[in-house]
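Written below as structure tokens is the structure these notes are about.
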Amino acid sequence: MIDRMIRVFDRGLRTVAGIHPATDDVPDAPTSDLSGAEKRRAGSLMRVNHTGEVCAQALYEGQALTARDVKVRSAMQQAAKEEVVHLVWCRKRLQELDTHPSVLDPIFFATSCALGALAGALGDRVSLGFIAATEDQVVEHLDRHIDQLPQGDGRSRAILERMREDELRHGTSAEKAGGLPFPMPLRRLMTSFSRIMTETTYRI
Ligand SMILES: [Fe+2]
Ligand SMILES: [Fe+2]
């Protein structure tokens, strides 16, 4: 358990400080010159998505911390690795759009990690159900952001579309692995959490 806690702490520091393996494999598509206002809007949307990936990272790490079955734990750690790739793509795009990650990222990492650990402690099937419900909401959220991006920002759109494919797969595999359906009141609570996240990190 101590080893796993050190791992989570290490992940948290790396996530917040942006220390990750470099990748050239960033999804791309033709992008036109963006006006100042368009660049700011795209930057704010991508900041929200970057924090979303910080949360995803922390949720999976928290869940892996308390998972009971070894296979479930390694599946969570594998998914967390894939979320790192998304994190790197979003961070790179933030730099290209001349903006910064959210100052609230450490708080969202800590909160999400605690939520993930709690879900894991309630049992593997609850934890898998939590992933399925979360990814479901992430896909809906990404659809909205894909629509809201400036028309000419093909590169950000390509990143979000690739992320959407992966999130859909994460959700489906969690459901297939035995995730329990999540009751509506819990889903509403999750929606409120993500609303707080999206509205605050859009600005700071
Ligand atoms: Fe992701
Ligand atoms: Fe995901």
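Which ones in the range 124-150 are within 14 Å of Leu65 (Cα to Cα) and touching a Lys or Arg at 6+ places or on another chain (Cβ under 7 Å)?
Asp124 - this is the single residue of the range 124-150 that is within 14 Å of Leu65 (Cα to Cα) and touching a Lys or Arg at 6+ places or on another chain (Cβ under 7 Å).
Among the residues of the range 149-163, is there at least one that is open to solvent by 50 Å² or more (accessible area, probe 1.4 Å), polar (S, T, N, Q) and away from ligand 1 (no atom under 14 Å from the Cβ)?
yes
Being at pLDDT 95 or above and more than 14 Å from ligand 2 (Cβ to nearest atom) is the filter; apply it to the range 135-151 and report the residue that is farthest from the chain's Cα centre (by Cα).
Pro150
Do we find that Ala79 is within 18 Å of Met190 (Cβ to Cβ) and either open to solvent by less than 40 Å² (accessible area, probe 1.4 Å) or within 16 Å of ligand 2 (Cβ to nearest atom) (or both) in this structure?
Yes; evaluated as a whole, the condition is true for this residue.
The values are calculated or read from the model by the stated rules, or taken from the named source; none is laboratory data. Predicted model, so just to flag it, every value in this text is computed and none were measured. Heads up, the Cβs are rebuilt from the backbone with ideal geometry, glycines too, and the neighbour counts pull from every protein chain shown. Surface accessibility is based on the protein's heavy atoms, side chains included, excluding ligands, DNA and RNA. Shrake-Rupley method; radii C 1.70, N 1.55, O 1.52, S 1.80 Å.
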